[in-house]
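Okay, here's the structure, questions in a sec.
The values are calculated or read from the model by the stated rules, or taken from the named source; none is laboratory data. Remember, it's a predicted structure, so these values are computed and weren't measured experimentally. With ideal geometry, Cβ positions are generated from the backbone for all residues, glycine too; neighbour counts draw on all protein chains shown. Surface areas here come from the heavy atoms of the whole protein model, side chains and all, with no ligands, DNA or RNA. Shrake-Rupley method; radii C 1.70, N 1.55, O 1.52, S 1.80 Å.
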Amino acid sequence: MAIHQRPVFAANWKMHLGPTQATAFMDAFSVAVAASASDRTFIFFPPAISLAAVRARTQSRPDFRLGVQNVHGEEKGAFTGETSVGMAADAGASFVLVGHSERRHVFGETDAQVAQKCARIEAAGLTPVLCVGEKIEQREKDETESVVLHQLRAGVSAMSDQAVREMLVAYEPVWAIGTGRTATPDDASVVHRVIRAALGELVGDGAHEIPILYGGSVNAGNVASLLAADQVDGVLVGGASLDPAGWASICASR
Ligand code: 13P
């Protein structure tokens, strides 16, 4: 599902907000954000166990989209604790975070697994949000560009060009996630331009349609300058997306 309304405000709740808290969040957020705001896109990535609760509150809001934080690369099977793409779609998800730094670096997810997941997500008719980003030691060794491009090319390697044109990419430097250290708008732009150029090599002009989100310690104080940066089409936010009033005020920025 291609995204046309920008900026994109994507909330990754990680392992926070169970069904009761998620319902309360959506009730408060829906009041705070007017339904007429059709000049931007909101995507919620609750924990899988809270999907139904969030879905119940998004059905009257076509501007609120729903995603899952992870899926398994296989279609189905004996994979205790995992979520399949089919189940995610059935539960109302349209988007899937893939290759998030916590999946890569806490759970050891490889580029090959990320690629398999992206292909599986495409086959299920869902849209991947492919996350890429360098660690601090890689940045210090000037490897940011090569790390990000490698993750990007590997991630989309089993996808069709058309699905790539409709996907989203999130640049999340690992050193900026949950640390309070944000990339400067210029730092973000440099990497976003590299990603855009690589997408252009892959799919031609359609690359301009692909939203590239920035993530990593985005908050109410820095969101406007990040959104104003060249090639930044939206934000993917963890900690600052957990409070409905705070998230609503961030989502009012552009
Ligand atoms: P924080 O906004 O908490 O730094 O997390 C960013 C992130 O990982 C979003 O996916």
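For ALA188, state whether it is open to solvent by less than 10 Å² (accessible area, probe 1.4 Å), assigned to a helix (DSSP H, G or I) and farther than 29 Å from GLY18 by Cβ.
Yes.
Give the residue, chosen from GLU122, GLU145, that is more than 17 Å from ARG103 (Cβ to Cβ), within 17 Å of the chain's Cα centre (by Cα) and not in a loop (DSSP other than H, G, I, E, B).
Result: GLU122 is the single residue among GLU122, GLU145 that is more than 17 Å from ARG103 (Cβ to Cβ), within 17 Å of the chain's Cα centre (by Cα) and not in a loop (DSSP other than H, G, I, E, B).
Hey, another quick one. Can you confirm whether SER217 is outside any strand (DSSP E or B), within 14 Å of GLY133 (Cα to Cα) and in contact (Cβ under 8 Å) with a residue 12 or more places away in the chain?
Taking the combined requirement at face value, the residue satisfies it.
Right, something else. Checking ALA89 against (1) surrounded by fewer than 20 Cβ atoms within 10 Å (Cβ to Cβ); (2) touching a helix residue (DSSP H, G or I) at 6+ places or on another chain (Cβ under 9 Å); (3) within 19 Å of MET159 (Cα to Cα), which test does it fail?
Evaluating ALA89 over (1) surrounded by fewer than 20 Cβ atoms within 10 Å (Cβ to Cβ); (2) touching a helix residue (DSSP H, G or I) at 6+ places or on another chain (Cβ under 9 Å); (3) within 19 Å of MET159 (Cα to Cα) leaves (2) as the failure.
Counting just the residues of region 191-219 that are at pLDDT 95 or above and open to solvent by 60 Å² or more (accessible area, probe 1.4 Å), which one comes out nearest to the ligand (Cβ to nearest atom)?
Top of the filtered list is ASN219.
Right, here's the next one. Considering only region 105-114, how many residues are open to solvent by 10 Å² or more (accessible area, probe 1.4 Å) and touching a residue at least 12 places away in the same chain (Cβ under 8 Å)?
Residues meeting the conditions: 4.
Please work out if SER94 is within 16 Å of the chain's Cα centre (by Cα) and either away from the ligand (no atom under 16 Å from the Cβ) or open to solvent by 40 Å² or more (accessible area, probe 1.4 Å) (or both).
Yes: the conditions hold for SER94.
Within the bounds of region 151-165, is there any residue that is open to solvent by 70 Å² or more (accessible area, probe 1.4 Å), in contact (Cβ under 8 Å) with a residue 12 or more places away in the chain and within 16 Å of the ligand (Cβ to nearest atom)?
no
Could you tell me which numbered condition SER249 fails, if it satisfies all but one of (1) away from the ligand (no atom under 11 Å from the Cβ); (2) in contact with a Ser or Thr (Cβ under 9 Å, 6 or more places away or on another chain)?
Single failed check for SER249: (2).
In region 57-78, which residues are of a type in the set (Gly, Ala, Ser) and modelled with pLDDT of 95 or more?
GLY67, GLY73, GLY77, ALA78
Here is a further query. What are the residues in region 124-150 that are of a type in the set (Gly, Ala, Ser) and open to solvent by 10 Å² or more (accessible area, probe 1.4 Å), if any?
Residues satisfying the conditions are ALA124, GLY125, SER146.
Kindly indicate which of ALA158, ALA183, ALA197 is over 19 Å from the mean Cα position of the chain (by Cα), part of a loop (DSSP other than H, G, I, E, B) and under 26 Å from THR110 (Cβ atoms).
Being over 19 Å from the mean Cα position of the chain (by Cα), part of a loop (DSSP other than H, G, I, E, B) and under 26 Å from THR110 (Cβ atoms) holds for just one of ALA158, ALA183, ALA197, which is ALA158.
Take region 24-64 and flag every residue that is buried (at least 17 other Cβ atoms within 10 Å of the Cβ), closer than 28 Å to GLU82 by Cα and among the aliphatic types (A, V, I, L, M).
Scanning region 24-64 gives MET26, ILE43, ALA48, LEU51, ALA53, VAL54.
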